[in-house]
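Here, each number is a calculation from the coordinates, and none is a lab measurement. Computed from a prediction, not measured in an experiment: that's the story for all the values here. Neighbour counts are summed over all protein chains in view; Cβ atoms, including those assigned to glycine, are modelled from backbone coordinates with ideal geometry.
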Amino acid sequence: MIILGIDPGSRKTGYAVIESDNNRSTVMDFGTILLTDTQSMPDKLVRIFEKVGQLFGQFRIGSVAVEAGFYGKNAQSAYKLGYARSAAVLAAALKKVEVVEYSPRKVKQSVTGNGNASKVQVKYMVKQLLAGGEDLVLREDEADACAVAICHAQNCGADKTKYRTWKEFVDKNGHLVVKRSSLRRVK
């Protein structure tokens with residue numbers, strides 16, 4: 001599955017495209033959409049919307065994961081963050097692709113095992129979790145976008161189907177079951 005992770009911001013929006021097979025994730029592309037302070041908010045939103053649209057043109061993105069905003073003391077910052085997030089979500093929604101939001105705490109928990117992890121810890125673990133990630137040079141926003149995508153891969157990749165009986169599981173997943181006759185006894 002190809003996942004687009006987005007770390008929205010009104011000054012910098014990080015993005016990462018990863019491919020995940022439930023066991024390992026590989027980064028396909030990442031970057032930062034730099035939004036200068038001199039641009040008007042509508043111009044910033046257009047830049048985010050257009051870049052996300054370009055990524056859909058480059059990759060067969062199956063799912064989008066966005067870091068949800070946290071609510072601090074500054075209402076203006078929360079509004080601006082909401083606008084940036086909305087521009088990215090709209091670009092994905094128009095492509096009819098699933099969009100899932102994760103809290104910063106959930107992202108940190110998924111990647112580091114600690115919901116209160118620092119940015120340095122998140123960046124370190126992202127590099128460990130991505131195939132070939134040790135050699136990546138990631139900015140803070142790019143590492144966060146990778147973390148959001150990895151979080152989504154971990155939360156959606158596993159088969160969450162509930163089975164009522166063992167027989168029902170075997171019927172639907174026979175390729176995963178080793179037949180008893182194929183096992184040899186070791187003496």
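Note on Asn155/Thr38: beta-carbon distance plugged into 1/(1 + (r/R0)^6) with R0 of 30 Å gives a FRET efficiency of 0.20. Report the far tail of the P(r) of the range 2-160, meaning the percent of Cα-Cα pairs longer than 23 Å. Percent of Cα pairs beyond 23 Å in the range 2-160: 31.
Listing Ser10, Ser40 from fewest to most neighbouring C-beta atoms within 10 Å gives Ser40, Ser10.
Cβ crowding within 10 Å, taken as a proxy for footprinting-reagent exposure, orders Glu168, Glu67, Glu101 from fewest neighbours to most as Glu168, Glu101, Glu67. Counting charges near Lys95 (Lys, Arg +1; Asp, Glu -1) among other residues having Cβ under 15 Å from its Cβ returns a value of +1.
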